[in-house]
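Only one structure is covered here, and it is reproduced in the block below.
Only the coordinates and a few stated rules stand behind these numbers; no lab work does. Being a predicted model, the structure only gives us computed values, none of them experimental. Positions of Cβ are generated from backbone atoms using ideal geometry, with glycine treated the same way; all protein chains shown enter the neighbour counts.
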């Protein structure tokens with residue numbers, strides 16, 4: 001594996017991120033009436049692992065757009081070869097991942113970014129929901145959760161499924177809410193033995209579901 005490139009400042013958005021944030025905040029604010037809360041649960045400095053339910057292609061933008069700091073996500077390496085999309089990914093802190101052969105390299109890079117002070121966003125379901133509900137979690141992220149000694153933040157999204165459900169190329173008007181939950185207690189996370197993988201998955205999943213439920217209830221309010 002070649003030497004990793006130096007990482008940028010994890011506390012400051014680059015020009016591409018700021019321009020995208022300005023554009024999307026207007027689109028999401030008007031078209032989706034997007035709102036978010038729970039910012040006090042996110043560390044102002046240092047890395048954090050964000051575990052997010054996956055409702056639509058919009059999710060990385062919905063979670064990252066309201067924040068003053070950039071979020072680094074994982075994306076299929078094949079997307080980096082697509083004209084324009086690859087350029088966007090390379091300039092918005094996204095990490096390439098080869099799902100078939102580079103899981104170890106991706107894990108090392110994610111840990112490197114967390115230790116450098118980045119927010120790293122993960123979608124533990126592994127794919128977008130087909131019903132709007134939070135699906136089962138895949139265990140691939142658990143190695144990162146165990147090895148990265150940073151706050152683990154559950155995040156819930158509600159309304160993105162209705163705005164852009166799986167298989168729909170259009171962005172429908174609607175109401176979207178995002179809730180950043182309290183950090184999961186580190187002592188509880190490390191108390192799960194390696195053999196308790198299923199219990200750890202369900203523990204984390206229930207906290208993400210709680211955030212998604214809070215977002216759905218907030219979305220249901222007549223605001």
remark   = the chain, Gaussian network, Cα under 10 Å: of 209, 27, 153, the residue fluctuating most is 27
key: Stretchable slack from residue 171 to residue 146, in nm (0.36 nm times residue separation minus alpha-carbon distance)   = 5.3 nm
ask   = Which whole-number percentage describes the relative contact order of the range 145-211, with Cα contacts under 8 Å and a sequence gap of 6 or more?
value = 41 percent
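Order these by the 10 Å Cβ neighbour count, fewest first: 16, 207.
Values: 16 15, 207 20.
Ordered by Cβ neighbours within 10 Å, fewest first: 16, 207.
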request  = Would you mind calculating the relative contact order of the chain from Cα pairs under 8 angstrom and at least 6 residues apart, reporting the percent as a whole number?
outcome  = 28 percent
query = So, in nm, how far is label residue 138 from label residue 79 when the simple model puts each one 7 Å beyond its Cα toward the Cβ?
reply = 1.3 nm
note = Per GNM of the chain with C-alpha springs under 10 angstrom, the most fluctuating residue out of 119, 203, 93 is 203
message = How many angstrom lie between the Cα centre of the range 164-182 and the Cα centre of the range 19-46?
response = 13 Å
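Sum -39500 (n - 2.57) across every DSSP H segment of at least 4 residues in the chain, then divide by the residue count to get the 222 nm mean residue ellipticity, nearest 500.
On the way: 8 runs with 83 residues, N = 223.
Rounded to the nearest 500, the figure is -11000 deg cm²/dmol.
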GNM flexibility winner over the chain from 28, 170, 80 (Cα, springs under 10 Å) = 170
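Report, for the chain, the % of DSSP beta bridges that are antiparallel, rounded to 5. Can you show the working numbers first?
Values: 4 of 21 bridges.
Of all bridge pairs located within the chain, approximately 20 percent are antiparallel.
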